[in-house]
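Have a look at the structure below, then the notes.
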Amino acid sequence: MKNKKILLFDLDGTILNTFEGLYETFSYACNKAGLIMPNREDFNLCIGPPLEYSFKRLYNLPDERITEIVSDFRQKYNKEGIYNCALYDGIADVLRTLKDNGKKICLATSKPEPFANLLMEHHKINDVFSFIGGSDFEQIRNTKQKVIEHVFKHENITNLDDVVMIGDTKYDIIGAKNMNISSIGVLYGFGTKDEIADADKIVRTPKELLDVLI
């Protein structure tokens, strides 16, 4: 992995612990819609994929109803929940060390791109990234594969051997495999060891990324 020049990082569960803000806002959206809030274990499965997918999986509602609920979620999240999060211990130093060692760092997240930009600015690490890529509100970039394609297009990335995707859930690993790039799974986030078992490498802490990539 030390030969990888372009590092794509997931956001939720990889750079930021966003659990509390997402949980509170998800609970608000469920209460407003008259839905039963999933328990915390089931809710973990909602962190990573697009919201629309999670609501569909949990409640099997019509698309127009899901669109309404997700809209309520985003209005609340944008006002209150978005900043109820914290950087994982050591991750900011890891990102800066990787950049100082010549790595090109991009964000590839299923969180809407405007939210991702706000969070990176809020935590004062936006300067680390060559590009902050995320999903869109129109649901065009509605899978991790499509987000990675978006990053590739914006940054004119063509040599797949240069690239590795770093994330905490199966969606990151599957997205990487679908794009024919390497992957690193992290165990300190929201995913389980089993779901990231197909990653090319697994690390337990942010600092272990330095041993793998430099």
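Quick look at the values:
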{"quantity": "Test: residue in the stretch 108-118 that is outside any helix (DSSP H, G or I), at pLDDT 95 or above and under 16 Å from the mean Cα position of the chain (by Cα)", "calculated": "yes"}
{"quantity": "Total residues in the stretch 43-59, condition outside any helix (DSSP H, G or I) and either without any contact (Cβ under 8 Å) to a residue 60 or more places away in the chain or surrounded by fewer than 16 Cβ atoms within 10 Å (Cβ to Cβ) (or both)", "calculated": "2"}
{"quantity": "Count of residues meeting criterion [surrounded by fewer than 16 Cβ atoms within 10 Å (Cβ to Cβ), within 12 Å of residue 33 (Cα to Cα) and either of a type outside the set (Asp, Glu) or touching a Lys or Arg at 6+ places or on another chain (Cβ under 6 Å) (or both)] in the stretch 60-71", "calculated": "4"}
{"quantity": "Residue in the stretch 75-87 that is touching a residue at least 12 places away in the same chain (Cβ under 8 Å), more than 17 Å from residue 121 (Cα to Cα) and in contact with a helix residue (DSSP H, G or I) (Cβ under 9 Å, 6 or more places away or on another chain) present", "calculated": "yes"}
{"quantity": "Helices (runs of 4 or more DSSP H) lying entirely in the stretch 133-214 (those with 3 or more residues that are surrounded by 24 or more Cβ atoms within 10 Å (Cβ to Cβ))", "calculated": "144-155, 170-178"}
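The values are calculated or read from the model by the stated rules, or taken from the named source; none is laboratory data. Keep in mind it's a predicted model, so treat the numbers as computed, not measured. Positions of Cβ are backbone-derived with ideal geometry, glycine not excepted, and every protein chain shown enters the neighbour counts.
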